[in-house]
Amino acid sequence: MRRHKIAAIPADGIGPEVIAAGLQALEELSRRDGGFELSVTMFDWSSERYKRTGSLMPDNGLEQLLEFDAIFFGAVGAPDVPDHLTLWGLRLPICQGFDQYANVRPTKILPGVSSPLAGVGPGDLDWVIVRENSEGEYSGHGGRAHKGLPEEVGTEVAIFTRVGVTRIMRYAFSLAQARPRKLLTVVTKSNAQRHGMVMWDEIAAEVAKEFPDVAWDKMLVDAMTVRMVKNPKSLDTIVATNLHADILSDLAGALAGSLGVAPTGNIDPERRYPSMFEPIHGSAFDITGKGIANPVATFWTAAQMLEHLGEKSAADRLMRAVEKVCGDGILTPDVGGIASTQEVTDAICEAIRGSNI
Ligand code: NAD
Ligand code: MN
């Protein structure tokens, strides 16, 4: 029996609701498959903990996580705690501390879910966005001088290193190579940002030589938003900086129907540390506690996690269950349905148990 140790951090808002749904589906899969077992440890690291103790996670938090094979994360953010404190207090320290430099965000239109784009259905939009997850605009460098005075200056420094850009470029090219269309679009803003972004373009051209069978092109990030909306079929794998890909992947989630279906894996491709899997969305204060959070993003990221753990057949089964349940119209309100989180979850579990899935 293969055994995987999972650290679950549901955190804030709808995080606990969708993580509970994800864990229910994972248990069902391990029962169905019989070949693996998950041992799940729950962590209460959250904004609530911050309000109680002054920190979202303990000082030795990363050390505590080291022994796990993967981290299953909900969402962090509370209405009464500034967002930069919650983000830098929990999610970013894990991503950066464990050098999870590849943030992988698959997007496609699921059966039964409609895109806001007219005439675009399942099969017309099937992308993977690779977000550089360790440097760039979120490196934390910058500062404020003359705080509060009329002459105040604030800087936000984007740091790009040759090592950092080369490794994400290799990751993106090899991911593109493994997909049927072998197509990669490299996104920058190298017309206006003429240092680090020009380096991105140059490194892309260098790494491309290692992948002669991958067709690739370059886009400026502003023009990319237009292409995503006007010509979604022309795209397959996409690589962009931390900030650019953050924005593009929210757009991608919306074009695929809802943020509630968009998953993400924060991956250390070298497997030195645990990788972290989470829905893209945040704590969604507006629907917290109503029982209507869409659990599909969390199921999809659970499938990413299973694949990372080597459980490919369980991952595929989970995605087939998601496609069946969505196709049957068992959907939460954000994607036009009337089902609750629990109803969708129960339907997923039933599909997993079914012999035809
Ligand atoms: P959000 O993703 O929480 O919500 C945006 C909109 O999408 C809301 O209308 C929400 O109801 C809807 N939505 C999101 N997930 C959904 C789901 N699973 N099912 C149905 N509808 C869903 O983004 P926001 O409102 O900008 O941020 C709220 C809080 O979450 C903030 O504190 C923010 O900092 C935090 N946040 C955290 C993460 C993270 O933990 N990775 C990501 C984004 C935002
Ligand atoms: Mn984001």
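Summary table
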read-out: Test: residue in the stretch 253-273 that is assigned to a strand (DSSP E or B), in contact with a Phe, Trp or Tyr (Cβ under 8 Å, 6 or more places away or on another chain) and aromatic (Phe, Trp, Tyr); value: no
read-out: Conditions (1) hydrophobic (A, V, I, L, M, F, W, C); (2) surrounded by 24 or more Cβ atoms within 10 Å (Cβ to Cβ); (3) within 23 Å of SER275 (Cβ to Cβ); number of the one not met by ALA293; value: (3)
read-out: Hey, GLU311 of a type in the set (Asp, Glu), out of contact with any strand residue (DSSP E or B) (no Cβ under 7 Å at 6 or more places or on another chain) and away from ligand 2 (no atom under 14 Å from the Cβ) or not; value: no
read-out: Residue count, the stretch 279-315 (criterion: in a loop (DSSP other than H, G, I, E, B) and within 16 Å of ligand 1 (Cβ to nearest atom)); value: 13
read-out: Lone unmet requirement of (1) closer than 20 Å to LEU306 by Cβ; (2) touching a Ser or Thr at 6+ places or on another chain (Cβ under 6 Å); (3) not small (Gly, Ala, Ser) for ILE71; value: (2)
read-out: Close pairs (7 angstrom Cβ cut-off, 6 or more residues apart or separate chains): under 24 Å from ILE14 (Cα atoms) in the stretch 264-280, within 16 Å of ligand 2 (Cβ to nearest atom) and of a type in the set (Lys, Arg) anywhere; value: THR264/ARG105; ILE280/ARG105
read-out: Any hit, the stretch 256-265, residues being at negative phi, among the polar types (S, T, N, Q) and more than 16 Å from ligand 2 (Cβ to nearest atom); value: no
read-out: Test result for SER258, out of contact with any helix residue (DSSP H, G or I) (no Cβ under 6 Å at 6 or more places or on another chain), at pLDDT below 95 and either away from ligand 1 (no atom under 13 Å from the Cβ) or closer than 25 Å to ILE129 by Cβ (or both); value: no
read-out: Qualifying residue in the stretch 74-97 (condition: within 22 Å of ILE168 (Cα to Cα), crowded, with 16+ Cβ neighbours inside 10 Å and touching a Lys or Arg at 6+ places or on another chain (Cβ under 6 Å)); value: no
read-out: Index of the failed condition, GLU270 passing every other in (1) acidic (Asp, Glu); (2) in contact with a Gly (Cβ under 8 Å, 6 or more places away or on another chain); (3) surrounded by fewer than 19 Cβ atoms within 10 Å (Cβ to Cβ); value: (2)
read-out: Candidates ARG144, ARG131, filtered to the one that is surrounded by fewer than 22 Cβ atoms within 10 Å (Cβ to Cβ), in the same structural domain as THR166 (by TED's automatic domain parsing) and of a type outside the set (Val, Ile, Thr); value: ARG144
read-out: Strands (runs of 3 or more DSSP E) wholly inside the stretch 1-94 that include at least 3 residues being small (Gly, Ala, Ser); value: 2-11, 70-75
read-out: Any hit, the stretch 290-307, residues being modelled with pLDDT under 95 and in contact with a Ser or Thr (Cβ under 9 Å, 6 or more places away or on another chain); value: no
read-out: Of all residues in the stretch 273-287 being hydroxyl-bearing (Ser, Thr, Tyr) and buried (at least 19 other Cβ atoms within 10 Å of the Cβ), the one that is farthest from the chain's Cα centre (by Cα); value: SER283
read-out: Which listed residue, of GLY112, GLY121, is farther than 16 Å from GLY164 by Cα, away from ligand 1 (no atom under 16 Å from the Cβ) and surrounded by fewer than 20 Cβ atoms within 10 Å (Cβ to Cβ); value: GLY121
read-out: The one condition in (1) within 12 Å of ligand 2 (Cβ to nearest atom); (2) of a type outside the set (Gly, Ala, Ser); (3) buried (at least 24 other Cβ atoms within 10 Å of the Cβ) that ASP250 fails to fulfil; value: (3)
read-out: Candidate set from the stretch 1-51 (those that are surrounded by fewer than 22 Cβ atoms within 10 Å (Cβ to Cβ) and among the polar types (S, T, N, Q)); member that is farthest from ASP83 (Cα to Cα); value: SER30
read-out: Subset of the stretch 180-192 that is in contact (Cβ under 8 Å) with a residue 12 or more places away in the chain and surrounded by fewer than 16 Cβ atoms within 10 Å (Cβ to Cβ) - its residue that is farthest from ALA240 (Cα to Cα); value: ARG181
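Listed here are the residues, each with its yes/no results for (1) basic (Lys, Arg); (2) not in a loop (DSSP other than H, G, I, E, B).
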position	(1), (2)
VAL165	no, yes
ALA176	no, yes
PRO180	no, no
ALA205	no, yes
PHE211	no, no
ARG227	yes, yes
LYS233	yes, yes
ASP246	no, yes
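The values are calculated or read from the model by the stated rules, or taken from the named source; none is laboratory data. Everything numeric here is computed off the predicted structure, so don't read it as measured data. Ideal geometry is used to build each Cβ from the backbone, glycine not excepted, and the neighbour counts take in all protein chains shown.
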